[in-house]
Each structure stands twice: as C-alpha cells, then as structure tokens.
C-alpha cells in the first residue's frame, strides 16, 4: 500500500475544518469504531443524527480513511517487533525494494531523512523469520546495508490521535520548576 506523504503539513481534510466535536467523535472512534451513533452522541454531547452526519462528513473529507480491526500480533504468531533501517546505493524507492510490501511481516515502509534511506516496521514469528526477511533484503538489488532494532517491550503503540498539542512547555520553565511535562 503506497501512500504519498509529501503534503504532510497540509490539512488532509480539504474543504472541511475539523472542530472540537469532530475531535471528540474521532477520539471515541479510535478506541472503538463499533460504537453506535446513539452511544457516540451521548459520549460527545450531540444527538445521534448529528453524530451520524458528522461521521459521514469525516469519511467524505478523508479524515476517516477506513475502519479496520486491530489484531493482536502474538495471537497471529508474530511476537517479534523490529525496526529495520535500509541503506541503498542510489535512490532508495526502487520497485524491487518496495516489493518487500508483499510480505505480511512488513507493516510499514517509510522513506526517511537521516543516515538511512528506508525505515521498515516488521513483525515476525521468530528471529529466524527476521533473518529470512533480512536475507531477502540483502538479495535485493541496490541494498547496501541494514540495521535492525528489535523491540524488547512496547510502552506505547497507538493509531493516529485526533488531539493536537496547542502549546509545548518550554524546557527552561520545566528545568526551573524541576517538573516533568504533563501530557
């Protein structure tokens, strides 16, 4: 699945401005997309028909791209989470390299800045399965090196959140107060 993220700074919902009620609706749907419009309305303080209309607008505008199930990776036999940095000779987005998406272990492919070309998020059944994927990568024309980072535990993993941080705390204020930033 290839998605262009060149316009990442642009509002993806062209022609429709997301307001606080929309953000509340999206917050509930991110946690449980199967909630009824009646319950959703109760939770955000709107009527069921009003919530239904807003949900339809959010879908039409592209703010809600799709509804899907979040599957437990361990239940699927893929307890090993790894991030792979892929270095290439030349332009990294070759068709041969991007064909790695055909493997169900590859969850995400990102073209990135920094000291690598591509960043892959993969889930595998074992270190041997990860090694097989790495062997395939090395056999791909243009791949010059990889660096793999296996997650020992996950502290936070979540889908895109509808909220935005309006104001980031200044580091100097935190240092003077000896406090940690609040979420």
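Every number here is computed from the coordinates shown, using simple stated rules; none is lab data. Please read these numbers as outputs of a predicted model, since none were measured by experiment. Using ideal geometry, Cβ is built from the backbone for each residue, glycine included, and neighbour counts are taken over all protein chains shown.
At a glance:
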| quantity | calculated |
| --- | --- |
| Entry for P(r) over Cα pairs in 10 Å bins from 0, in percent (calculated from the structure that is shown) out of (i) 10, 40, 37, 11, 2, 0; (ii) 9, 37, 35, 15, 3, 1, 0; (iii) 7, 25, 26, 26, 14, 2 | (iii) |
| Helix 127-139 vs. the chain, principal-axis angle (Cα, 0 to 90°, nearest 10) | 70 degrees |
| Compactness of region 80-150 - radius of gyration and Dmax, Cα, Å | 11.0, 32 |
| Degrees between helix 20-31 axis and first principal axis of the chain (Cα, 0 to 90, nearest 10) | 50 degrees |
| In nm, spacing of pseudo-spin labels at residue 56 and residue 152 (7 Å Cα→C-beta vector) | 5.3 nm |
| Region 80-150 - percent relative contact order, Cα under 8 Å, separation 6 or more | 50 percent |
| Ordering of 41-47, 95-101 by packing [mean C-beta count within 10 Å, highest first] | 41-47, 95-101 |
| Gap separating the Cα centres of region 77-143 and region 34-48, nearest whole Å | 41 Å |
| Full-stretch length increase - residue 121, residue 98 - with 0.36 nm per residue and alpha-carbon distance subtracted | 7.0 nm |
| Ranked 164, 122, 30, criterion: other C-beta atoms within 10 Å, fewest first | 164, 30, 122 |
| Relative contact order of the chain, pairs being alpha-carbon contacts under 8 Å that are 6 or more residues apart, as % | 21 percent |
